[in-house]
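Here's the structure, in structure tokens; my notes come after.
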Amino acid sequence: MISNADLALSNAKNRQRGQSVVFNPRLRTDALTRRHCDLELHRAVAQNEFALVYQPQIRLADGALTGAEALIRWLHPQRGLLSPAAFLPALETSPLAATVGTWVLDQACAQAAMWRRYDARDFRIAVNLFGAQLRTDHDLASQVLLALERHGLPPQALELEITEGIVLDHDDSVLVSLERLRALGVGIAFDDFGTGYASLSLLKRYPLSRVKIDRSFVRGVLESDRDAAVIRAILHMAHSFEVETTAEGIETEPQRDILRRLGCHEGQGYLFSHPLLPIQFAERFGLAMPACVPV
């Protein structure tokens, strides 16, 4: 009975203030599922089961490669290659989140540094941050600078992607850390821009170098006057703030063409390529060198 009460109490703490929760058997089932997932995540870290894939980012004006977004995948020994939707929600709330986030940052910087040493001298790598990496005790700025120094990557070659949900869950120390990194030349991109209620406030407050227009607007840009109007408004605001723009989820040439006419700087999506393993990325874009070996 005490364990049942503990489960109900834990569930109540994860909700808004002033809410009560009555135990039901599903709480125990959910707890067991989370426990199993946590054990699998620990094994994945210990056995190096995570891998990075890279989705190219393209300059819309001339189709040139400008960089890539590093995306995590799980090479599960029984279930095969898992997409982020299958494990990221659990990982983001796991004690392992900061550890995995640091690994992603280090691997992405290593790969970008290798590609820049060859033909892609202006290559930029984008890395998504976990909320755990923004905690005060993690010292994000020091972790980033250490990764850059370790791999000889200039600060302007790295872009950190944040979301509204991540920054709103943390205090002003996040702003200080991001301002420090931005002052050193590291890019700060606001992902999924336009989907949250605080997007405009964050555009004004945070030291952003780029906004990424959410795919939900890109999808309807040709059919919906409202979606097109939202994109025009985002592009106008970004221009006023001297912030670069990237449209996510571009799947067709007409979408690319209208975004280019509207003044969007860069694009990302299946029209250009799905996320690729390092060796596939190198072959696709003529980067004739070995891919980075994970460490």
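The values are calculated or read from the model by the stated rules, or taken from the named source; none is laboratory data. Fair warning: this is a prediction, and the values are worked out from it, not measured in the lab. Here the Cβ positions follow ideal geometry from the backbone for every residue, glycine too, while neighbour counts run over all protein chains shown.
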With criteria (1) more than 26 Å from residue 237 (Cβ to Cβ); (2) assigned to a helix (DSSP H, G or I), residue 165 comes up short on (1)
Sole miss for residue 191 among (1) assigned to a helix (DSSP H, G or I); (2) within 30 Å of residue 252 (Cβ to Cβ) is condition (1)
Of those in segment 243-287 that are aromatic (Phe, Trp, Tyr) and either under 19 Å from the mean Cα position of the chain (by Cα) or part of a helix (DSSP H, G or I) (or both), the residue farthest from residue 73 (Cα to Cα) is 272
- Item | Residue within segment 102-110 that is within 19 Å of residue 169 (Cα to Cα) and assigned to a helix (DSSP H, G or I) present | no
Among the residues that make up segment 208-215, is at least one of them surrounded by 13 or more Cβ atoms within 10 Å (Cβ to Cβ), polar (S, T, N, Q) and at pLDDT below 95? no
Counting only residues that are assigned to a helix (DSSP H, G or I), touching a residue at least 12 places away in the same chain (Cβ under 8 Å) and of a type in the set (Gly, Ala, Ser), segment 202-234 contains a total of 2
Restricting attention to segment 263-272, does a residue exist that is surrounded by 15 or more Cβ atoms within 10 Å (Cβ to Cβ), more than 28 Å from residue 108 (Cα to Cα) and at pLDDT 95 or above? yes
- Task: Considering every residue within segment 235-252, establish whether at least one is within 25 Å of residue 64 (Cα to Cα), touching a His at 6+ places or on another chain (Cβ under 7 Å) and surrounded by fewer than 21 Cβ atoms within 10 Å (Cβ to Cβ).
- Result: yes
Filtering segment 122-137 down to residues that are within 18 Å of the chain's Cα centre (by Cα) and either over 22 Å from residue 57 (Cβ atoms) or in a helix (DSSP H, G or I) (or both) yields 131, 132, 133, 134, 135
Is it the case, given these coordinates, that residue 119 is among the acidic types (Asp, Glu) and either assigned to a helix (DSSP H, G or I) or over 21 Å from residue 273 (Cβ atoms) (or both)?
no
Screening 196, 185 for residues that are surrounded by fewer than 20 Cβ atoms within 10 Å (Cβ to Cβ), at positive phi and not polar (S, T, N, Q) leaves only 185
Filtering strands (runs of 3 or more DSSP E) wholly in segment 49-99 for at least 2 residues that are crowded, with 18+ Cβ neighbours inside 10 Å gives 50-59, 65-76
